[in-house]
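Engineer: Shown below is the structure under consideration.
The values are calculated or read from the model by the stated rules, or taken from the named source; none is laboratory data. Not measured: the values here are computed from a predicted model. Glycine gets a Cβ as well: all are built from the backbone with ideal geometry, and neighbour counts include every protein chain shown. SASA here: full protein model, heavy atoms, side chains in, ligands and nucleic acids out. Shrake-Rupley method; radii C 1.70, N 1.55, O 1.52, S 1.80 Å.
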Amino acid sequence: MFIETVPNRASPPAVLLRESYRDENGRTQKRTLANLSKLPGEVVAALKAILKDGTLIGASPEELQIERSLPHGHVAAALGMIRKIGLDRLILSAARDAEARRYCDLVVAMMVDRLIAPRSKLGFVRAVDEETATTSLGEVLGLGKVKDREAYEALDWLLERQVRIENGLARRHLEDGVLVLYDVSSSYFEGRHCPLAQYGHSRDHRSDRLQIVYGLLCTREGLPIAVEVFEGNTADPTTLKSQIHKLRSRFGIKRMVLVGDRGMITAARIRDDLKSSGLDWITCLRAPQIQALAQDRGPLQFSLFDERDLAEISSPDFPGERLIVCRNRDLAAERARKREALLVVTERELARIQAQVRRKGSHLHAAVEIGLAGIYVIRTSVPAEDLGPAHAVQAYKDLSRVERAFRSMKTIDLEIRPIRHWSADRVRAHVFLCMLAYHVEWHLRQVLAPLLFHDTDLDAARAERSSPVAATEPSATARAKKATKRNANGDRINSFAGLIDHLGTLTRNTMRMPLAAKHPLTLLSKSTPLQEATFKLLSFDPKRVQ
């Protein structure tokens, strides 16, 4: 049955209740069952809703109850991105049994939870359990009742699949001839029972705490591919050999350029690991090596920089390698300014500096050392025809993207520390989980860059530099964003964390009506303009993320 409105010349239209049927020839016909023209308009509208399989809802507030309202938008953004890039399928792989699917859902939930509100594993259990949920995450994934032990069992299950998952990420994002960024960081440890926790060089400036060391492999764009955890007293260079094995044997990459800092790719590692493996590299010389090049009419002469800030030299101390000397004029000028400032300090301060110069080992003795201020030397084995000087310099500077990943994982977004696990495997699983969460965050940042303070015209800004040695000035787009706090479309600009928080105000509401008590409704709150812009960029509907 259906309700049809039929025009009636100059009179009000007729409102008829009709049904369709087929005549003896099989043709579709319709017949009138009742004339509803005299019924009030709201009654006719209610009947239309009922005939369309709807439910009649009264105007009284008691007839429509909001049973539960949970933050949902940030869950939909993170979970939708995991589905979009197929990370959940990679984690689950060919496993189809119920236990594997359950563990995979819990791992995905832990990644999303770490993106929206980092907390302990027990805090995660309370946040997704159906009884104590703080977001829609457990409801959307259908987790139901979650036990404490399940979170730890899911971590153990994830660690068993780390090698396969990293291999899958490498197949997606690495290929022969690629530039690979590698760096090491550390995080302090809570407790004293984990065999990985040792005293070592603390990048957190917490020498009073035990720590772990972990190395991160990234694409040139800063997308994390693999992570490995080491004992807290492991020296950076000694971690390199296992990364070479990982790239060559596990990932099957035969031609690559490994980019690492001067503390990582040392002369010993080049001699013993990189050259023997047939790999190319890009790194930077240490200060004593640079000073040696500038001594006794060596190849590094300051006249090289009369008209430029980048020059390529060679030295018998580095046979078969290219040395690209860079002079950062801004840094040199800043140090010169500081030296001039020393001339106007009080006599007491000048006396202190004179005493410093007289001390054994002072760095203020030689004029050549002062002249080397702002100079660094890139060291690489890559032939010039494969990688020009400017591109080699930029490749080394791209290491800052790994540092950005460490900052995000450690403190800003994912809070890898404090580490509360005791067993070595649980610590490794925790760090791997944080890496996977940052992998998702990287993709989110790329897509949502127009709504963030990110410079979306970075390549154009780099092209405007006089040389790759110079700092990249923000593009016109980035400057406009910063000044107006809005993008070109008028959308408000946020930090990543601020945008995630705002998305959380898009709630998922479970509603129930007395006339259909056994059939609750799920409705999302009305999206704000910023939320609409976010999901338009993400290209999926928050209502349909499951």
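Engineer: Kindly state, to the nearest 0.05, the FRET efficiency for residue 537 paired with residue 19, given R0 = 41 Å and r defined as their beta-carbon distance. Don't skip to the answer; put the middle values down first.
Structural biologist: Details: r = 47 Å, r/R0 = 1.14.
Once rounded, the FRET efficiency stands at 0.30.
Engineer: Something else now. Which of the lysines could be linked to residue 536 by a straight reach, that is with a Cα gap under 21 Å, when you skip same-chain ones fewer than 8 residues away?
Structural biologist: 84, 481, 485, 526
Engineer: Rounded, prolate or oblate: which fits segment 137-262, taking a ≥ b ≥ c as square roots of the Cα gyration tensor eigenvalues, rounded meaning a/c under 1.5, else prolate when a/b beats b/c?
Structural biologist: Judged from the Cα gyration tensor, segment 137-262 comes out oblate (a/c at least 1.5, b/c at or above a/b).
Engineer: Between residue 33 and residue 242, what is the spin-label point distance in nm, taking each point 7 Å from the Cα along the Cα→C-beta axis?
Structural biologist: 7.3 nm
Engineer: Shifting gears a bit: Run down the lysines and flag those whose C-alpha is under 16 Å from the C-alpha of residue 254, throwing out any fewer than 8 positions away in its chain.
Structural biologist: Within the straight-line cut-off, residue 254 pairs with 241, 246, 275.
Engineer: Hey, could you grab the Kirkwood Rh for the chain? Inverse mean 1/r over distinct alpha carbon pairs, Å, one decimal.
Structural biologist: 28.3 Å
Engineer: Quantify, in whole percent, the carbon and sulfur part of the accessible surface of the chain (1.4 Å probe; protein heavy atoms only).
Structural biologist: Answer for the chain: carbon and sulfur cover 51 percent of the accessible area.
Engineer: Could you tally the net charge around residue 524, taking each other residue with its Cβ under 10 Å from the Cβ of residue 524, Lys/Arg +1 and Asp/Glu -1?
Structural biologist: +2
Engineer: Right, next: By how many nm would the segment from residue 203 to residue 472 lengthen if fully extended, with 0.36 nm per residue of separation less the alpha-carbon distance?
Structural biologist: Full extension of this stretch gives 94.2 nm more.
Engineer: Further question on the same structure: Find the relative contact order for the chain and round it to a whole percent, using C-alpha pairs within less than 8 Å whose residues are 6+ positions apart.
Structural biologist: About 18 percent, as a whole number.
Engineer: Now a separate question. Putting +1 on Lys and Arg Cβ atoms and -1 on Asp and Glu Cβ atoms, find which of 87, 112, 123 reaches farthest to the positive end of the dipole of segment 60-205.
Structural biologist: 87
Engineer: Hey, another quick one. Starting at the first residue of segment 494-500, write each ³J(HN,Hα) from the Karplus equation 6.51 cos²θ - 1.76 cosθ + 1.60 with θ = phi - 60°, in whole Hz, x for Gly and Pro.
Structural biologist: Coupling constants for segment 494-500: 9, 6, 4, 5, x, 5, 4 Hz.
Engineer: Let me ask you something else. Using a 7 Å offset from the Cα along the Cα-to-Cβ direction at both residue 501 and residue 272, what is the distance between the two label points in nm, to one decimal?
Structural biologist: 4.9 nm
Engineer: Out of residues 5 or more away from residue 419 or on other chains, whose amide H comes under 5 Å of its own, with H placed 1.01 Å from N in the peptide plane?
Structural biologist: 190
Engineer: What list of ³J(HN,Hα) couplings, whole Hz, do you get for segment 181-191 from phi and the Karplus terms 6.51, -1.76, 1.60, once you set θ to phi - 60° and write x for glycine and proline?
Structural biologist: 9, 9, 8, 10, 9, 9, 9, 6, 10, 9, x
Engineer: Accessible area per residue for the chain in Å², computed with a 1.4 Å probe and the full protein assembly in place, what is it?
Structural biologist: Values: 28250 Å² over 546 residues.
On a per-residue basis, the chain sits at 52 Å².
Engineer: Quick one: Karplus J couplings for segment 283-288, per residue in order, coefficients 6.51, -1.76, 1.60, θ = phi - 60°, nearest Hz, x for Gly and Pro?
Structural biologist: Values, residue by residue: 8, 9, 6, 7, 4, x Hz.
Engineer: Collect residues whose amide H, placed 1.01 Å from N in the peptide plane, falls under 5 Å from the amide H of residue 494; neighbours closer than 5 in sequence don't count.
Structural biologist: Answer set, sorted by chain and number: 452, 453.
Engineer: Another question, if that's okay. Once the Cα atoms of helix 98-116 and of the chain are each reduced to a long axis, what angle between those two axes, in degrees from 0 to 90 to the nearest 10, is obtained?
Structural biologist: 70 degrees
Engineer: Could you name the aspartates and glutamates whose alpha carbon sits less than 12 Å from that of residue 482, not counting residues in the same chain fewer than 8 places away?
Structural biologist: 455
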